[in-house]
Structure formats: C-alpha cells, structure tokens
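Asker: I am attaching a structure below and will ask some questions about it afterwards.
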Amino acid sequence: MSILKPLMIFCHGSGDTGEGAKAWIQHLVPPSEFEKWDWIFPTAVPIPYQLNGGAISSVWYDRVGGFDPSFPEQTASVERSTDQLMTILKAESKTRDPSRIAIGGFSMGGNIAYQTAARWHAQPEIVSLGGVFGLSCY
C-alpha cells in the first residue's frame, strides 16, 4: 500500500447531505488542518422518513414513533446504509491501511458510523479502523 494521508469518512446528520457536511466542517476546521487528511463526505440515499411525516429525506435510517428506545430503528434501512458505508471502507482499504481510516459523523451520521464500525470489526482477520466517533449522537 502506498503512503496516503489518513482518511476521514464523515457522515452528515438527518436531512443534510455530504456536501452540506463538507461545507460545515470546512467552516470549523482551519484549512491547514483540513488538508492533512483525505476526506469522504457520503450522502445517505433519500428515503421516506417517518419522523418527518414520510417526506423524502437524506437520512441514514428510518424510525417510527420517536427517539425513545421503545421505538427502534427500522433495521432494513440501517442495513442499506451500513452496506453503502462498508463498500466505501472496503474500497479504501485496498489502497490504504485501515488503521489510517476513521469514520464518524454528526447526530444520525455518528450513529450510522458506530453501526458500520461494529460490522467492520466483526469481520474475520480484519485490520482495525483507526477511529470511530460521533458528535451529538443519541
């Protein structure tokens, strides 16, 4: 594997997009620091979001009823999004040491990052990711 910058995969929050998250992060992180990393800002596939009256929205998964733990995520939508992110991780790990990859995000994006990292680390004989994080997750 060639020496590449470390990679940050940053997942947006509910209703945002990868481009929106990128603009936000670029506003927060000084350019000299931002340039030390390679970045990927994926966008969730828009789906009907029940907590928004069924309106189509870029969310990583659907919920029915609310945020209380008695109202669980709709697992099919979780799986679709983790598959999307696992595809990115697998592609990136062909050219970059996974220990130099971090995945995380804001709110719902942090939640799906945790779900994806758990699936990544459940694979046999896998190199651990460099980090996983969530900002303002629930």
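The values are calculated or read from the model by the stated rules, or taken from the named source; none is laboratory data. Small disclaimer: the values here were computed from a predicted structure and weren't measured. Cβ atoms come from the backbone with ideal geometry, glycine included; neighbour counts cover every protein chain shown. Side chains included, ligands, DNA and RNA excluded: accessible areas come from the protein's heavy atoms. Shrake-Rupley method; radii C 1.70, N 1.55, O 1.52, S 1.80 Å.
Asker: Within the set of pairs 6+ apart or on separate chains, which have a first residue in the stretch 57-86 that is aromatic (Phe, Trp, Tyr), a second that is part of a helix (DSSP H, G or I), and C-beta atoms under 6 Å apart?
Answerer: Listed by first residue and then by second, the contacts come to 60/81; 60/108; 60/112; 61/77; 61/78; 61/81.
Asker: Looking at the stretch 1-25, I want the residues that are under 16 Å from residue 59 (Cα atoms) and have a partner that is open to solvent by 60 Å² or more (accessible area, probe 1.4 Å) and assigned to a helix (DSSP H, G or I) with Cβ atoms under 9 Å, at least 6 apart or on another chain. Which pairs are those?
Answerer: 10/22; 12/19; 12/22; 12/24; 14/51; 14/52; 15/52; 16/24
Asker: Right, another one. Which of the residues that make up the stretch 48-77 are over 14 Å from residue 108 (Cα atoms) and aliphatic (A, V, I, L, M)?
Answerer: Passing the criteria: 55, 56, 64, 76.
Asker: In this structure, is residue 65 under 21 Å from residue 15 (Cα atoms) and touching a strand residue (DSSP E or B) at 6+ places or on another chain (Cβ under 6 Å)? First the steps, then the outcome.
Answerer: Details: under 21 Å from residue 15 (Cα atoms): yes; touching a strand residue (DSSP E or B) at 6+ places or on another chain (Cβ under 6 Å): no.
So residue 65 does not fit the description; no.
Asker: Go through the stretch 88-109 and report how many residues are over 16 Å from residue 18 (Cα atoms) and either among the polar types (S, T, N, Q) or in a loop (DSSP other than H, G, I, E, B) (or both).
Answerer: Residues in the stretch 88-109 being over 16 Å from residue 18 (Cα atoms) and either among the polar types (S, T, N, Q) or in a loop (DSSP other than H, G, I, E, B) (or both): 6 in total.
Asker: Conditions first: (1) open to solvent by less than 60 Å² (accessible area, probe 1.4 Å); (2) among the aliphatic types (A, V, I, L, M); (3) in contact with a strand residue (DSSP E or B) (Cβ under 7 Å, 6 or more places away or on another chain). Residue 86 passes all but one, so which condition is the exception?
Answerer: Result: residue 86 fails condition (3) only.
Asker: Could you list, in sequence order, all residues of the stretch 44-60 that are in contact with a Phe, Trp or Tyr (Cβ under 7 Å, 6 or more places away or on another chain) and among the hydroxyl-bearing types (Ser, Thr, Tyr)? Don't jump to the end; show me each part of the working.
Answerer: Going residue by residue through the stretch 44-60, those that are in contact with a Phe, Trp or Tyr (Cβ under 7 Å, 6 or more places away or on another chain) are 44, 55, 57, 59.
Passing the criteria: only 57.
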